């Protein structure tokens, strides 16, 4: 695993610090750090924060977004969501999950708990 050094970042309100990441874990935090062969990221003026944790999402519903947003919850479920989930194929649920995961990654989410459907759930996993 390669190493990364993030230079001059603000860490939870502290004075600018450097962060050394090795083997997918924070190895050191302090000023003036370096590591031979590491990728260096200049984070001057940026913040380093922990990744976000999404504790409730339905990846199988990503491609349903915007379908009848004007309905009450139970009507939306009965008239739109449950029929669309029942119509999912292995390919459509895979596409929905991949799109949802890409959106989560882009937004800084590092962990997610997804509530899935009864059909093709293994393709989300």
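Each reported figure results from applying straightforward, stated rules to the coordinates on display, with no laboratory input. Quick caveat, the model's predicted, so the values are computed rather than measured. Backbone-built Cβ (ideal geometry, glycine too); neighbour counts: all protein chains shown.
Under the classification rounded if a/c is under 1.5, otherwise prolate if a/b is larger than b/c and oblate if not, where does segment 52-124 fall, given a ≥ b ≥ c as square roots of the Cα gyration tensor eigenvalues? Cα axes put segment 52-124 in the oblate bin. With helices as the sole contributors, the chain gives -6500 deg cm²/dmol at 222 nm; each DSSP H run of n ≥ 4 counts as -39500 (n - 2.57), and the sum is divided by every residue.
Residue separation times 0.36 nm, minus the C-alpha to C-alpha distance between residue 122 and residue 102: what's the value?
Details: separation 20, 0.36 × 20 = 7.20 nm, distance 1.82 nm.
Extra length from residue 122 to residue 102 when fully extended: 5.4 nm.
In a GNM of the chain with a 10 Å cut-off on Cα contacts, which of 41, 49, 63 has the highest mean-square fluctuation? Top of the fluctuation ranking is 41.
Based on the Kirkwood radius over alpha-carbon pairs, what value in µm²/s does the Stokes-Einstein equation return for the translational diffusion coefficient of the chain at 4 °C and 1.567 mPa s? After rounding, the answer is 74 µm²/s.
Among 52, 64, rank each residue by its count of other Cβ atoms within 10 Å, from fewest to most, as a rough exposure measure.
Numbers: 52 13, 64 16.
Least to most surrounded, the residues fall as 52, 64.
What is the gain in length, in nm to one decimal, between residue 111 and residue 95 on full extension, counting 0.36 nm per residue of separation less the C-alpha to C-alpha distance?
Working: separation 16, 0.36 × 16 = 5.76 nm, distance 1.91 nm.
So the extension gain works out to 3.9 nm.
If R0 is 41 Å, the Cβ-Cβ spacing of residue 65 and residue 24 corresponds to a FRET efficiency of close to 0.80. Please state the shape class of segment 4-48: rounded when a/c is under 1.5, otherwise prolate if a/b exceeds b/c and oblate if not, all from the C-alpha gyration tensor. Cα axes put segment 4-48 in the prolate bin. Label-to-label distance for residue 34 and residue 53 is 3.7 nm, based on points extended 7 Å past Cα in the beta-carbon direction. Here the spin labels are modelled as points 7 Å beyond Cα on the Cα-Cβ line, and at residue 10 and residue 46 they lie 1.5 nm apart.
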